[in-house]
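As structure tokens, the structure follows; a few thoughts come after it.
The values are calculated or read from the model by the stated rules, or taken from the named source; none is laboratory data. Being a predicted model, the structure only gives us computed values, none of them experimental. Counting neighbours? That spans all protein chains shown, and the Cβs are built from the backbone with ideal geometry, glycine included. Accessible surface areas use protein heavy atoms only, side chains included; no ligands, DNA or RNA. Shrake-Rupley method; radii C 1.70, N 1.55, O 1.52, S 1.80 Å.
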Amino acid sequence: MQKSKKIVILGHFGVGKTSLIRRFVEDSFSDKYKVTIGVHITKKVVEVNADESVSLIIWDLEGTDEVQMIRQAYLLGTHGVVFVFDVSRPSTFQNLNRDLEIVAQKTPDTPLIVVGNKKDLVINDELQILLKDNGIKADYLTSAKTGDSVNEMFTHLATLLNDLS
Amino acid sequence: MSEKDRLEILKDILFTEDREDIDKIADRIELLEQTYNNREKFASRVNPIVERQIDDFAKNIPNTLGPVITETLKREIHNHKDEVVDALYPILGKMVKKYVAQEIKVLSEKIDNQLSFISAWKRRLRSFFGGSKEKELLLNDLSSEKVEQVLLIERDSGLLKAGYSKTETIDEEMISGMLTAIKSFVEDAFNQKNQELELIEYELYNIHIQSFVNYYVAVVISGSYSLKTKDKVQDIIFDFYHNFMEMNLDLIYTSRHLEHPADTISTKLIEKKLAEYFGNAKI
Ligand SMILES: Nc1nc2c(ncn2[C@@H]2O[C@H](COP(=O)(O)OP(=O)(O)OP(=O)(O)O)[C@@H](O)[C@H]2O)c(=O)[nH]1
Ligand SMILES: [Mg+2]
């Protein structure tokens with residue numbers, strides 16, 4: 001049986017939300033930056049085990065540096081949230097824990113996955129130190145460019161949502 | 001020899017080299033003074049250096065200033081979307097107008113082609129008795145309203161519960177999400193309590209929306225959408241909802257609060273009903 005689940009992708013602007021979805025859904029990447037305006041919706045069916053699959057309806061929201069300003073209406077009824085920051089731009093994660101608190105308030109009782117993207121742009125050891133210094137715990141470090149950990153992240157979320165329902 | 005003369009001789013012996021140096025330096029300074037005072041000579045010396053510097057600077061602009069300019073532009077566009085839309089609107093408007101004009105021309109040609117002798121005679125007869133022109137009659141045929149697609153959508157999440165579609169369209173689940181996003185945006189942006197988006201016009205289609213508590217129904221209609229159409233569509237939606245959905249609403253509602261909510265009405269059954277209600281509807 002196939003279930004449908006709505007997930008929203010949030011984060012400051014330009015962190016690679018659209019690119020992550022594109023890598024996951026179409027397995028492609030572009031260096032060009034096309035700002036998302038409003039919201040864009042895509043879908044991908046993920047097999048979570050031999051006889052179950054989940055249809056992920058992915059809401060790609062326009063980025064905002066003010067997490068508080070995210071339109072509540074877009075978050076209604078969402079089953080899962082992915083919060084993305086850009087590991088190469090500290091301004092996108094300096095207030096991460098505060099941002100995550102706001103997100104949790106806006107989407108109570110909803111699984112939240114924290115993703116540091118663009119890992120191809122930094123040196124891993126230095127990144128680990130930087131994250132530790134900022135008190136940040138990321139569930140996944142990804143690169144939409146190389147595809148590193150992108151499928152794993154979405155598949156994990158799909159499995160999680162399937163198990164919850 | 002006086003004391004003074006002796007001193008001079010001593011100086012001569014001791015400082016000859018220095019004096020020669022001083023003379024050389026004086027000459028050099030004089031030459032520099034000449035060059036400096038003579039614009040052309042000075043320019044010929046300095047210009048190549050300046051030019052090289054400017055060249056280097058120009059070459060490096062993309063590297064040094066590029067990212068800053070791009071970043072600033074992106075931010076400006078991002079922060080002033082309304083203004084950007086305002087600026088683009090007239091251009092887009094013209095493009096749309098041109099496109100519509102083109103499409104009408106194509107349509108008119110199609111109609112002319114269809115006015116072949118045999119298929120035309122019936123209409124001729126009709127127009128003879130009814131007094132209306134052939135093209136108008138055909139246009140009426142083309143513009144008669146039809147239900148193309150019906151979607152039953154969960155209100156909050158925008159997830160599709162069931163759908164009925166006359167023709168293959170793009171993914172129904174994605175349309176449901178998009179419609180919900182548009183609906184949420186409009187309702188949120190105008191921030192009117194209890195006001196719901198009722199109609200979306202999209203090129204040749206009108207999408208009629210009727211909201212209930214947990215679900216909403218979207219009906220995609222082709223052809224002209226008149227008040228009469230709206231009335232009829234609403235009637236069908238209410239019939240469908242009243243006769244079929246409402247009696248199951250309690251079940252749906254209670255099941256939501258169960259630990260393992262059962263899928264009370266199967267999607268298949270709803271889809272069958274949607275086809276029954278909307279498939280052959282005269283609107
Ligand atoms: N090197 C590298 N660049 C990336 C990666 N992911 C995204 N980018 C680039 O970063 C820029 C922004 O990417 P988007 O995916 O548009 O970012 P976004 O978060 O959707 O942006 P908004 O819609 O404006 O919020 C683009 O130029 C991408 O090519 C990555 O993993 N590595
Ligand atoms: Mg985007």
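In the stretch A:109-118, which residue that is free of Cβ contacts under 8 Å to residues at least 60 places away in the same chain and closer than 17 Å to A:S91 by Cβ is farthest from the chain's Cα centre (by Cα)? Filtering the stretch A:109-118 for residues that are free of Cβ contacts under 8 Å to residues at least 60 places away in the same chain and closer than 17 Å to A:S91 by Cβ, the one farthest from the chain's Cα centre (by Cα) comes out as A:G116. Going through (1) open to solvent by less than 50 Å² (accessible area, probe 1.4 Å); (2) among the β-branched types (V, I, T); (3) more than 14 Å from ligand 1 (Cβ to nearest atom); (4) more than 15 Å from A:L20 (Cα to Cα) one by one, A:I129 falls short only on (1). Once the stretch B:161-178 is narrowed to residues that are at the interface with chain A (Cβ under 7 Å from one of its Cβ atoms) and at pLDDT 90 or above, the residue that is surrounded by the fewest Cβ atoms within 10 Å (Cβ to Cβ) is B:E173. Give me the pairs, please: first residue somewhere in the stretch B:136-158 and farther than 20 Å from B:I237 by Cβ and assigned by TED's automatic domain parsing to the domain that holds B:T229, second residue anywhere and of a type in the set (A, V, I, L, M) and modelled with pLDDT of 85 or more, beta-carbon distance under 9 Å, and either six or more positions apart or on two chains. That search, which allows pairs on different chains as well, returns B:S157/A:I57; B:S157/A:L76. B:A181 meets all of the listed conditions (1) in a loop (DSSP other than H, G, I, E, B); (2) within 10 Å of chain A (Cβ to nearest Cβ) but one, namely (1).
Among the residues examined, A:E66 qualifies as open to solvent by 30 Å² or more (accessible area, probe 1.4 Å) and within 14 Å of chain B (Cβ to nearest Cβ). In the set (1) β-branched (V, I, T); (2) in contact (Cβ under 8 Å) with a residue 60 or more places away in the chain; (3) farther than 21 Å from A:L141 by Cβ; (4) more than 14 Å from ligand 2 (Cβ to nearest atom), the condition left unmet by A:V46 is number (3). Remark: pairs (first residue in the stretch A:88-108, of a type in the set (K, R); second residue more than 16 Å from ligand 2 (Cβ to nearest atom) and open to solvent by 50 Å² or more (accessible area, probe 1.4 Å); Cβ separation under 9 Å; 6+ apart in sequence or on different chains) = A:K106/A:Q68; A:K106/A:Q72.
Look at (1) more than 7 Å from chain B (Cβ to nearest Cβ); (2) buried (at least 20 other Cβ atoms within 10 Å of the Cβ) and you find that A:V39 fails only one, number (1). Residue count for the stretch A:1-30 satisfying the condition of being within 12 Å of another protein chain (Cβ to nearest Cβ) and within 8 Å of ligand 1 (Cβ to nearest atom): 3. For A:K34, the test of being within 14 Å of ligand 1 (Cβ to nearest atom), surrounded by 18 or more Cβ atoms within 10 Å (Cβ to Cβ) and more than 19 Å from B:D171 (Cβ to Cβ) is failed.
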